[in-house]
Amino acid sequence: MTDEYDLTDQRTAMAALCAERERIGMPIISMEEKSGVCMNSLYAWRKGVRQPSLGCLVALAQTLGFDILLVRRSAAYGRGVQ
């Protein structure tokens with residue numbers, strides 16, 4: 001089974017990333033070192049004080065073993081694009 005998360009829904013994405021970090025037992029300090037995202041930012045995002053950039057979400061997701069994919073939602077978006 002594959003879990004999919006929309007990174008534009010930042011609250012859900014952060015909850016999924018935090019749950020995965022806990023599931024695999026990775027300390028926050030290790031996630032900080034591996035992803036390059038500082039702990040203060042992680043705490044602020046979890047509390048809803050600030051919102052993460054897409055780049056930071058991607059870095060965290062990749063650190064935790066997620067693949068990042070671009071998926072076209074419908075053919076209408078691609079009309080006229082080669």
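Before moving on, here are some points about what is shown:
- Each of R21, R73 was scored by other Cβ atoms within 10 Å of its Cβ. Listed from fewest to most, they are R73, R21.
- Summarising the label geometry, the points placed 7 Å from Cα in the beta-carbon direction at D67 and Q51 lie 2.8 nm from one another.
- Relative contact order, whole percent, for the chain stands at 27, derived from Cα pairs under 8 Å and 6 or more residues apart.
Every number in this text was worked out from the coordinates using simple rules, so none of it is lab data. Keep in mind it's a predicted model, so treat the numbers as computed, not measured. Virtual Cβ from ideal backbone geometry, glycine too; neighbours counted across all protein chains shown.
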